[in-house]
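Working notes, beginning with the structure itself.
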């Protein structure tokens, strides 16, 4: 009887034969199956990977609403919202190529153009690149760009500049939003403090660009383009700390002001106040810094989508390096050696499109830089003001894409050195024209000419030519040729002229440097049937300099001699980059540069100092969608470079070893709007003191109190100074910061 009752009761209870369900489907691209695509459900750890035929399956899903994403490197990620009720689901994806090479660039031709269609080869680096190896400033971030090397110029205060294809830092022009406001004094100190979170992209042009940008763009240029307010998150924060005690914070927000204005506000704060002396020379291994940068950018809506934007930045930094017992009470004295630099600067820049039928833009910028510094007991007080304005008319006539421009640049510089008896003040007007001619869909030619008038040196003409041939949709050949010029501002560019005990000797009135350059570039895209694709980018270049000004450390070890070279200088080389997108969330890139930079004077060829023969960079990234983890491995490698010795008895190596800086990072993005990251910098714990008895010469006698000289001014070897040295921190070729952990978080509210 009980069995009958139990049977009757259970017959009225619903039986669920299936309590979990499955999402299955296929992923295709251009009608072809896309194997090894990552399929994942957002905010969960559930996911799958397509098989070799493009099919996937995610099982054991309970009823509910899910957001399913299909992601494959090189393709635009696709997301779909689905709801499971009481049945399995079939879900298909068709992904599109993410043509990063088709992104719009402006640097090569001063006008927006697809990167693939530009006759000038331009390299583009996005925030994704910056996140692979987080740094507190752009200067350090550039270490993983092929052919670009951040060069430290002083072991004590750690100031530096940017070398492109082996050329010295003063040959590199740094722009912010296309405006040449980072130059002279700020080339040394102003590359810090631009919040990385505010950067839209970095565009790099290698080779002379003087026909568009004037003086300084001889070796190449770097254009840091900041985000538009409308493209920025409502609020963002990025903070990290390192095991050395460094703290970096990027913070910002955007807001709508009225109906026609958007504003983006950002700030960067960096502090390092933990003196370290791991090489036991009683000098700080890394300069101590306390800096803040405040940035604001306004974008106004106008009729017919005409442009109007204004931006401003204020930067303040207090940095010092020196003997470990130094503090501010010793500043400028001769008891304890320290190099202390207070920097205060502000910048204003804007872009206004005139209310005309044709596209005519007025662009302008102004920067004011004040430096209060001491190098031991030597004060260096300097002010620099740069005003810049240009009017650009963009006009298309049949197959001619014309650009007409006029510009004026005002430079003011003054310091307390004997080299600057009166303030250096000059206004340089310019005219330039550019014509890009489209012969066919496969061929185009760009011709350009710039005229500058410098009252100190007269008229200067800089022509350029750029030819592009596109035999197929996946192959591009570019040939660029042109000239460059550079007017030297010695004390704003050559930090070695201020630090240490060497005397500065200027042999004669320095004339502008001139260069002639040719560059051949070949780019190829290769798509494979399994969804992988590769980009090959190869360049060969040759640059010839007349009137080159190269600091001479060799003639007299107690002097730095500056003069126009009685001969010529050459830079030639070959570089290649390979970017690869593999399946299963793996991407990689590798680049290498081989170069020969020499000077010829009186028939004698000499390798340029602090210039590597070869270099390489690489990155490897893996995204595991199921665990929301991304792993990044980045690194660089530099070949030997000739170093500045202080004479025949100097025991330090004449050439640096081959050295490498490598980093690894893990990022977790499984939270809404939040990323957590951490890793190890300088995995190999490499520092330049390895294999050398010391880096800073006479670190125990920085004021040369116990150095003896003969009647000719040469140092005499003594028992206290057997190598006949004077204090000199210029023997530096790489960062002096060893292995360290770092940890950080990013938050974005869109």
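Given the criteria surrounded by 19 or more Cβ atoms within 10 Å (Cβ to Cβ), in contact (Cβ under 8 Å) with a residue 40 or more places away in the chain and out of contact with any strand residue (DSSP E or B) (no Cβ under 6 Å at 6 or more places or on another chain), does residue 376 qualify? Spelling it out, residue 376 is indeed surrounded by 19 or more Cβ atoms within 10 Å (Cβ to Cβ), in contact (Cβ under 8 Å) with a residue 40 or more places away in the chain and out of contact with any strand residue (DSSP E or B) (no Cβ under 6 Å at 6 or more places or on another chain). Of the strands (runs of 3 or more DSSP E) contained entirely in segment 521-596, those carrying at least 1 residues that are surrounded by fewer than 17 Cβ atoms within 10 Å (Cβ to Cβ) and modelled with pLDDT of 95 or more fall at 533-546, 567-581. Considering segment 695-708, and only residues there that are surrounded by fewer than 18 Cβ atoms within 10 Å (Cβ to Cβ) and touching a residue at least 12 places away in the same chain (Cβ under 8 Å), the residue that is farthest from residue 660 (Cα to Cα) turns out to be 708.
Output yes when any residue across segment 45-65 is on the phi > 0 side of the Ramachandran plot, modelled with pLDDT of 85 or more, surrounded by fewer than 16 Cβ atoms within 10 Å (Cβ to Cβ) and out of contact with any strand residue (DSSP E or B) (no Cβ under 7 Å at 6 or more places or on another chain), and no when none is. Scanning segment 45-65 turns up at least one residue that is on the phi > 0 side of the Ramachandran plot, modelled with pLDDT of 85 or more, surrounded by fewer than 16 Cβ atoms within 10 Å (Cβ to Cβ) and out of contact with any strand residue (DSSP E or B) (no Cβ under 7 Å at 6 or more places or on another chain). Restricting attention to segment 346-364, does a residue exist that is in contact with a helix residue (DSSP H, G or I) (Cβ under 8 Å, 6 or more places away or on another chain), surrounded by 15 or more Cβ atoms within 10 Å (Cβ to Cβ) and over 30 Å from residue 509 (Cβ atoms)? Checked against the condition, which is being in contact with a helix residue (DSSP H, G or I) (Cβ under 8 Å, 6 or more places away or on another chain), surrounded by 15 or more Cβ atoms within 10 Å (Cβ to Cβ) and over 30 Å from residue 509 (Cβ atoms), segment 346-364 yields no hits at all.
Scanning segment 383-393 for residues that are surrounded by 14 or more Cβ atoms within 10 Å (Cβ to Cβ), farther than 22 Å from residue 212 by Cα and touching a strand residue (DSSP E or B) at 6+ places or on another chain (Cβ under 8 Å) turns up at least one hit. The criterion of being within 26 Å of residue 158 (Cα to Cα) and over 25 Å from the mean Cα position of the chain (by Cα) does not hold for residue 262. In segment 597-620, the qualifying residues are those that are modelled with pLDDT of 90 or more and in a loop (DSSP other than H, G, I, E, B), and the one that is surrounded by the fewest Cβ atoms within 10 Å (Cβ to Cβ) is 613.
Taking the condition surrounded by 23 or more Cβ atoms within 10 Å (Cβ to Cβ), touching a strand residue (DSSP E or B) at 6+ places or on another chain (Cβ under 6 Å) and farther than 30 Å from residue 443 by Cβ, does residue 107 pass? Criteria not met by residue 107. For residue 127, the conditions (1) buried (at least 16 other Cβ atoms within 10 Å of the Cβ); (2) in contact with a helix residue (DSSP H, G or I) (Cβ under 9 Å, 6 or more places away or on another chain) are fulfilled apart from (1). Of all residues in segment 46-85, those that are under 36 Å from the mean Cα position of the chain (by Cα), closer than 23 Å to residue 580 by Cα and part of a strand (DSSP E or B) total 6.
The values are calculated or read from the model by the stated rules, or taken from the named source; none is laboratory data. Keep in mind it's a predicted model, so treat the numbers as computed, not measured. All Cβ positions, even for glycine, are placed from backbone atoms using ideal geometry, and neighbour counts span all protein chains on display.
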